[in-house]
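The values are calculated or read from the model by the stated rules, or taken from the named source; none is laboratory data. The structure presented is a predicted model; accordingly, all values stated were derived computationally and were not measured. Cβ coordinates were reconstructed from backbone atoms using ideal geometry, including for glycine residues, and neighbour counts include every protein chain displayed. SASA here: full protein model, heavy atoms, side chains in, ligands and nucleic acids out. Shrake-Rupley method; radii C 1.70, N 1.55, O 1.52, S 1.80 Å.
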Amino acid sequence: MKHSIFRKSIFLLAACCLCCAAFAIQPIKTLIITGQNNHNWKVSHVAIEQILENSGLFDVDLAISPSAGQDMSGFVLDFKPYLLVVLDYNGDAWPKETNDGFLEFVRNGGGVVIYHAADNAFSNWPAFNQICALGGWENRDENSGPYVYWKDGQLVKDYSAGVGGSHGRQHEYVLNGRDAQHPVMKGLPTRWKHAQDELYDRMRGPGNVKDLLYSAFSEKSTGGSGREEPLVFTVDYGKARIFHLMLGHAGESLENNPAMQCTGFQVLLLRGSEWAATGAVTQAVPDDFPTESTVSLRKNYKK
Ligand SMILES: [Zn+2]
């Protein structure tokens, strides 16, 4: 059987006269790729789909791969209908047609969101690692590129030997804004408290971070690196708009999923997705955004 792609048609204008059409906002055609992950992808891709669709800004299709170890040759994806691809995939290699189609999409300026463990994938695919800028696990080490972290007011590259990718125990932590002017960031607080989540550290890769948006300090007391780690950033890759969001470790169910129920996570996913697809952010800063001392949750994945 072929892979599953679920398409939904939204007839926003069905009951509307033609004169309204010129003023209607077209939802952003989005493809979420999932189906294999060392994470709970059955929860994460539904949460992402709900967050995006509940905003009214996105029209989401799902590409769900065969299970790990199964024949991947039929998992051939057509990227042409989409303005945005959200990667929630960490698994077996895609067929060459899909790799080539994805690279063509990205190199033609397509929008991409790299979500959490998607940056663990494909450690031996150089172009994919350029698209992520930083990744972890899957045998990454000094041969994958430098560590990149925030030190003395700037991002530094550290070529010392060691593993690529780690995290301490899950906990709540404060995000530190590093770029108040980027469209994703305008109006968002410089410091806000994220709900319980992993804090990725010691990631490595080509390191072609374009704009660092948020970092967080990885405390050694929680099993972390003792460094200020880049967690939300854009990637310098030709004319592509790539938004890399390392937050959002999936919980056991949609109901128990604090890292993705965090309002800060959801707002960053929404703003980063719109920016990646269009280059602009039209969303107002919501009044339920977390503060430096108070976590905020949207348990139903909508405001
Ligand atoms: Zn995780």
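Based on what the data block shows, is Ser73 more than 20 Å from the chain's Cα centre (by Cα) and at pLDDT 95 or above?
yes
For Ala250, work out the one condition from (1) open to solvent by 20 Å² or more (accessible area, probe 1.4 Å); (2) in contact with a helix residue (DSSP H, G or I) (Cβ under 7 Å, 6 or more places away or on another chain) it doesn't fulfil.
Only one criterion is unmet by Ala250, namely (1).
Within the stretch 169-211, count every residue that is of a type outside the set (A, V, I, L, M, F, W, C), more than 16 Å from the ligand (Cβ to nearest atom), touching a residue at least 24 places away in the same chain (Cβ under 8 Å) and farther than 18 Å from Thr263 by Cβ.
11
Is at least one residue of the stretch 265-273 loosely packed, with under 13 Cβ neighbours inside 10 Å and farther than 30 Å from Val163 by Cα?
no
Can you tell me which residues in the stretch 95-117 are within 17 Å of the chain's Cα centre (by Cα), part of a helix (DSSP H, G or I) and in contact (Cβ under 8 Å) with a residue 60 or more places away in the chain?
Passing the criteria: Val106, His116, Ala117.
Is there any pair with a first residue in the stretch 253-266 that is free of Cβ contacts under 8 Å to residues at least 60 places away in the same chain and a second that is surrounded by 22 or more Cβ atoms within 10 Å (Cβ to Cβ) and in a helix (DSSP H, G or I) whose Cβ atoms are under 9 Å apart and which are 6 or more apart or on different chains, and what are they?
The qualifying pairs are Glu255/Gln261.
Looking at the stretch 11-48, which of its residues are at pLDDT below 95 and small (Gly, Ala, Ser)?
Ala14, Ala15, Ala21, Ala22, Ala24
Do we have any residue at all in the stretch 237-245 that's over 23 Å from Asn129 (Cα atoms) and touching a Gly at 6+ places or on another chain (Cβ under 8 Å)?
Scanning the stretch 237-245 turns up no residue that is over 23 Å from Asn129 (Cα atoms) and touching a Gly at 6+ places or on another chain (Cβ under 8 Å).
Identify all residues within the stretch 136-148 that are open to solvent by less than 30 Å² (accessible area, probe 1.4 Å) and more than 16 Å from the ligand (Cβ to nearest atom); write none if there are none.
Of everything in the stretch 136-148, those that are open to solvent by less than 30 Å² (accessible area, probe 1.4 Å) and more than 16 Å from the ligand (Cβ to nearest atom) turn out to be Gly145, Pro146, Tyr147, Val148.
Residue-wise test of (1) β-branched (Val, Ile, Thr); (2) within 20 Å of Ala277 (Cβ to Cβ); (3) away from the ligand (no atom under 16 Å from the Cβ).
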position: Ser55; (1), (2), (3): no, yes, yes
position: Leu84; (1), (2), (3): no, yes, yes
position: Gly91; (1), (2), (3): no, no, no
position: Ile131; (1), (2), (3): yes, yes, yes
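Based on this model, can you work out whether Ser44 counts as touching a strand residue (DSSP E or B) at 6+ places or on another chain (Cβ under 8 Å) and under 15 Å from Ile114 (Cα atoms)?
yes
Look through the stretch 149-168, keep the residues that are within 16 Å of the ligand (Cβ to nearest atom) and outside any loop (DSSP other than H, G, I, E, B), and return whichever of them is least open to solvent (accessible area, probe 1.4 Å).
If we take residues in the stretch 149-168 being within 16 Å of the ligand (Cβ to nearest atom) and outside any loop (DSSP other than H, G, I, E, B), then Ser166 is least open to solvent (accessible area, probe 1.4 Å).
In the set Ser166, Ser225, which member is under 13 Å from Val148 (Cβ atoms), in contact (Cβ under 8 Å) with a residue 12 or more places away in the chain and of a type in the set (Ser, Thr, Tyr)?
Being under 13 Å from Val148 (Cβ atoms), in contact (Cβ under 8 Å) with a residue 12 or more places away in the chain and of a type in the set (Ser, Thr, Tyr) holds for just one of Ser166, Ser225, which is Ser225.
Considering the stretch 27-79 alone, what residues qualify as being among the hydroxyl-bearing types (Ser, Thr, Tyr) and touching a residue at least 40 places away in the same chain (Cβ under 8 Å)?
Thr30, Thr34, Ser44, Ser55, Ser65
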